[in-house]
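A short worksheet on the structure shown next.
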């Protein structure tokens, strides 16, 4: 049959292919590009026009000329529209002068020097600092560069790394230490809130890298920082920062070498600050009496919960359960806790009760 009627066989083959393509599209398996609709329509019109000419023959060609011209105009219009008018076929030009943005590649963080940290801090503190470093940022840099903190010797190096391991709020200061120490001057304090004893830390980046008692104020400035808190809380003034109090101790001869501040500074300096200071008995009842009278107390403690050597901090009052509220200039963690009176008294070497003069 195909040998006798090739046109019919070809038509059937085209129909069969169209049927298979339609079935494939219905199954979602058609991956071949589809023909432009405008071009397909134009092609169909062309075929129709050619067939009409064939049927008319040479004699009817002149009469059909007008029809052919109209058909050609339609073909051109459809082709132009299909090629230039479809939003799918035209890509928007890139803005003039714009360069493609290269993706940012973050550098790989340096690994923590776990072996060196363990030697300096011991296994427990080293593990704490390494764990903090896993979040990246300042802690990661500190853990990777323990040698950067040995500028004042191994004792200072250990204290700085220990501070970073134990006090998350101090991490930015510790990270800045190699770049800032020794600083020539400090930045001022903000004005305190009315009626509140502010929390100030000796390792604040504003003054922690200045030099006091032969090394960083961050490590030796607990006494002047405590007195600055008391002064600001009782007077409402912010003009004397911890650094300023340290300068007063130095000028008065109360600064010691590698041992902070002589405790007599606390009593002797009070009148010049507009404060009244009384050294009270190291006794739980005496401490409660002073706090209930509205006084603010500086506590000097020896080795124990607060220090390995000696330390000063401020006792600001009693909570509803009779426990002590404190501002520890070296520890935000300890400042956030309430403390049993007897527990603190058992470590105390001196108590200094202040009020406004």
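Quick notes on this one:
- Rg over Rh, two decimals, segment 115-239 (C-alpha only, Kirkwood Rh): 1.02
- Between residue 321 and residue 264, the C-beta separation translates, for a Förster distance of 41 Å, into a calculated FRET efficiency of about 0.75.
- Taken along its principal axes, the alpha carbon cloud of segment 114-180 reaches lengths of 26, 23, 17 Å, longest axis first.
- Residue order for 348, 210, fewest other beta carbons within 10 angstrom first, comes to 348, 210.
- Treating r as the C-beta distance of residue 123 and residue 187 and R0 as 45 Å, the FRET efficiency rounds to 0.75.
- Inter-probe distance in nm under a simple model that places probes 7 Å from Cα toward Cβ, at residue 308 and residue 154: 1.2
- FRET efficiency for residue 115 and residue 357, using Cβ-Cβ distance with R0 set to 45 Å, rounded to 0.05: 0.20
- For the peptides 143-153, 283-293, 240-250, the ranking by packing is 240-250, 143-153, 283-293, with the highest mean count of neighbouring Cβ atoms within 10 Å listed first.
- Each of 203, 339 was scored by other Cβ atoms within 10 Å of its Cβ. Listed from fewest to most, they are 339, 203.
- Rg/Rh ratio calculated on Cα atoms of segment 211-356 (Kirkwood radius): 0.93
- Over segment 114-180, relative contact order from alpha-carbon pairs under 8 Å, at least 6 apart, %: 30
- As a rough footprinting exposure proxy, the listed residues 269, 196 were ranked by other beta carbons within 10 Å of their own, and the order from fewest upward is 196, 269.
- Over segment 211-356, Cα pairs under 8 Å with separation of 6+ residues give a relative contact order of 25 percent.
Coordinate-derived values only; no laboratory data. None of these values were measured; they are calculated from a predicted model. No Cβ is skipped: glycine too gets one built from the backbone with ideal geometry, and neighbour counts run over all protein chains shown.
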